[in-house]
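Following: one structure in structure tokens, then a few remarks.
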Amino acid sequence: MDVNAHEKVLLNRYLQLLQRWNKVFNLTAVRDPAEMQSLHIADSISVAPYLHGATCLDVGSGAGLPGIPLAILQPERQFTLLDTNGKKTRFIQQAVLELGLPNVQVVQTRVESWQPAASFDAIISRAFASLHDFVTFTGKHVAENGILYAMKGRYPASELAELPAGWCVTAQHPLHVPGLDAERHLLEIQRD
């Protein structure tokens with residue numbers, strides 16, 4: 001993924017904010033800046049070429065991953081970052097403010113009880129839940145031809161058998177994340 005100079009500046013500022021807030025609020029178990037770069041930033045932006053649609057919901061966004069890095073690289077797309085944890089959503093809100101990201105909205109609630117005003121073209125999850133739970137909790141929020149994007153480590157063969165009826169994997173992408181020596185996959189899930 002090509003990143004221009006302005007985007008690099010914003011990604012670095014986000015990483016600095018994450019490091020600073022992490023000391024107080026324990027936003028992520030990763031402490032080393034180089035590991036944060038590969039495990040969080042590079043991992044998040046590795047999926048950018050595959051996202052489609054004008055609106056994207058990041059479910060279980062945590063410290064804003066992958067939503068904030070994606071919003072930096074894709075200012076034309078609207079992102080909604082949802083998490084139940086107040087300290088994490090406060091951090092995301094502050095990061096959005098400091099980075100000047102008008103294409104990001106932050107919501108603190110449980111996805112299964114949330115009633116958004118409109119459905120989303122894309123819904124992405126990075127370590128949110130099993131594929132079954134991801135589809136069950138978020139499927140009602142995706143547009144008719146929308147796509148659920150599940151970011152996974154190892155290929156989740158056992159989870160695929162448990163996909164709810166009416167849903168199927170329509171594409172799978174092995175991801176190469178610079179600086180990360182681990183399997184990463186992106187699955188695209190749509191209604192049958």
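The values are calculated or read from the model by the stated rules, or taken from the named source; none is laboratory data. Please read all numbers here as calculations on a predicted model, not as lab measurements. Methodologically, a virtual Cβ is constructed for each residue, glycine included, from the backbone with ideal geometry; neighbour enumeration extends over all protein chains shown. Note: accessible area is taken over every heavy atom of the protein model, side chains too, but ligands, DNA and RNA are not part of it. Shrake-Rupley method; radii C 1.70, N 1.55, O 1.52, S 1.80 Å.
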Among the numbered criteria (1) surrounded by fewer than 17 Cβ atoms within 10 Å (Cβ to Cβ); (2) at pLDDT 95 or above; (3) of a type outside the set (Ser, Thr, Tyr), which single criterion is violated by Leu82? (1)
Exclusive hit being closer than 22 Å to Val9 by Cβ and open to solvent by 60 Å² or more (accessible area, probe 1.4 Å), set Leu97, Leu101: Leu97
Hey, which of the helices (runs of 4 or more DSSP H) in the stretch 1-77, taking only ones fully inside, have at least 3 residues that are surrounded by fewer than 17 Cβ atoms within 10 Å (Cβ to Cβ)? 5-25, 33-36
Across the stretch 111-153, what is the total count of residues that are in contact (Cβ under 8 Å) with a residue 40 or more places away in the chain, over 25 Å from Arg184 (Cα atoms) and acidic (Asp, Glu)? 1
